[in-house]
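Visitor: My questions all concern the structure below.
No lab work stands behind these numbers, since they all come straight from the coordinates. Nothing here was measured: the structure is a model prediction, and the numbers come from that model. So basically every Cβ, Gly included, is an ideal-geometry build from the backbone, and we count neighbours across all protein chains shown.
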């Protein structure tokens, strides 16, 4: 077993993560890791223009709900620098147009709109100040959003680590690790915190996650980089390894949680939850409270992004893998019913059913702390 409780808090922690996903340089250049090139090439993109940032979000060069939110916050600040108007009444409509443009890049991840709304409110609260001062305040706000993401993911990791012990087998889907946030991640955060605090025998199984292979390319990349015992499986092998007793717990991330606890995550997550229920395995959704959308009542109300058919038929192959005449259905996400979720791990603790009550309580507590 590894350290827990006060002993864990006081322990000397071993750094296992060697990179951060998104940051703003001192010269106001947004730097992101181009995740479309991983694991074969590690390359940073240097962005300043709104179109380039929009493309980076849409093309999944930066991806994962929290990382998208942080990138969007920096995009909002950089957008404010492009506007040449000299008074707030002229500045604000142009600023709002640019926020709406960035928001159109990925409709399902609530962190995108959450971060942009926060930046908009920041501008409005300070509307009586000179525009140069407003821009400086927006820059500071974006940096705070980034730093908060690191702290929030660390807390999610601490709660997740309480569910783990040496010798356990963990299954995860897609990538909800450090590459999906600034650092630590959500679904993988518990693994990294456990490793920092002495865990040496945790086995992680990564679903490849068709069609974009975020599990095989990204989760496996960062887990191996951190020194974790990592095994990649095809998505349709999950039931097989559960039946063999290789899995003790499932951790997944999330792009939006409805007020009733239904959770939208990468396509295939819902099926994984159904299989886990069959084998009696705990299934946890890991997400910051910024991913909880109390205005969305149930999963039926979550807009599911439809992606290009080429992602299924051509992206990873030298030859086309399906007849041109065949239609392609390519939703980016599915919704896991709250009845299949054992717990939702947030920065404020682990929520348990009934989720409508637990979510209302935790969001009220969050608002009270403000």
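Visitor: Please compute the Kirkwood hydrodynamic radius of the range 177-267 from all pairs of different C-alpha atoms, in Å with one decimal.
Guide: The Cα-based Kirkwood calculation yields 14.0 Å.
Visitor: Given a cut-off of 26 Å, what percent of all Cα-Cα pairs of the chain lie beyond it?
Guide: Result for the distance tail: 50 percent.
Visitor: Okay, moving on. Give the dimensionless ratio obtained when the Cα radius of gyration of the range 156-369 is divided by 2.2 N^0.38 Å.
Guide: Output field value: 1.01.
Visitor: Next question. Length gain on complete extension for the stretch residue 274 to residue 23, per 0.36 nm per residue less the alpha carbon to alpha carbon distance? Walk me through the numbers on the way to the answer.
Guide: On the way: separation 251, 0.36 × 251 = 90.36 nm, distance 3.73 nm.
This chain segment gains 86.6 nm when fully extended.
Visitor: Place the peptides 300-313, 204-217 in order of packing, highest mean first, counting for every residue the other Cβ atoms within 10 Å and averaging per peptide. Could the numbers behind the result be given before it?
Guide: Details: 300-313: 15.1, 204-217: 23.6.
Listed from highest to lowest mean packing, they are 204-217, 300-313.
Visitor: I would also like to ask the following. Would you please put 37-46, 330-339 in order of how densely packed they are, using the mean number of other Cβ atoms within 10 angstrom per residue and starting with the highest?
Guide: Details: 37-46: 12.8, 330-339: 18.5.
Those peptides, ordered most packed to least, come out 330-339, 37-46.
Visitor: Follow-up question, since we're still on this one. By count of other Cβ within 10 Å, fewest leading, how are 316, 114 ordered?
Guide: With the fewest neighbours first, 316, 114 line up as 316, 114.
Visitor: Viscosity 0.692 mPa s, temperature 37 °C: what is the translational diffusion coefficient of the range 307-346 from Stokes-Einstein with a Kirkwood Rh over Cα pairs, rounded to a whole number of µm²/s?
Guide: Approximately 254 µm²/s, per Stokes-Einstein.
Visitor: Next up: Ranked highest first by the average count of other Cβ atoms within 10 Å around their residues, in what order do 19-29, 131-141, 220-230 fall? Write down the numbers at each step before the final one.
Guide: On the way: 19-29: 15.1, 131-141: 17.4, 220-230: 19.5.
The densest-packed peptide leads the list: 220-230, 131-141, 19-29.
Visitor: Between 0 and 90 degrees, rounded to the nearest ten: what's the tilt of helix 88-103 against the longest Cα principal axis of the chain?
Guide: 20 degrees
Visitor: Using only Cα atoms, tell me the angle between helix 131-161 and the longest principal axis of the chain; keep it within 0 to 90° and round to the nearest 10.
Guide: Between the helix axis and the principal axis of the chain, the angle is about 10 degrees.
Visitor: Report the semi-axes of the equivalent ellipsoid for the range 1-144 in whole Å, largest first, where each axis is √(5λ) for an eigenvalue λ of the Cα gyration tensor.
Guide: Listed largest to smallest, the semi-axes of the range 1-144 are 31, 20, 14 Å.
Visitor: Expressed as an acute angle from 0 to 90° and rounded to the nearest 10, what is the orientation of the C-alpha long axis of helix 110-125 relative to the principal long axis of the chain?
Guide: Long axis of 110-125 versus the principal axis of the chain: about 30 degrees.
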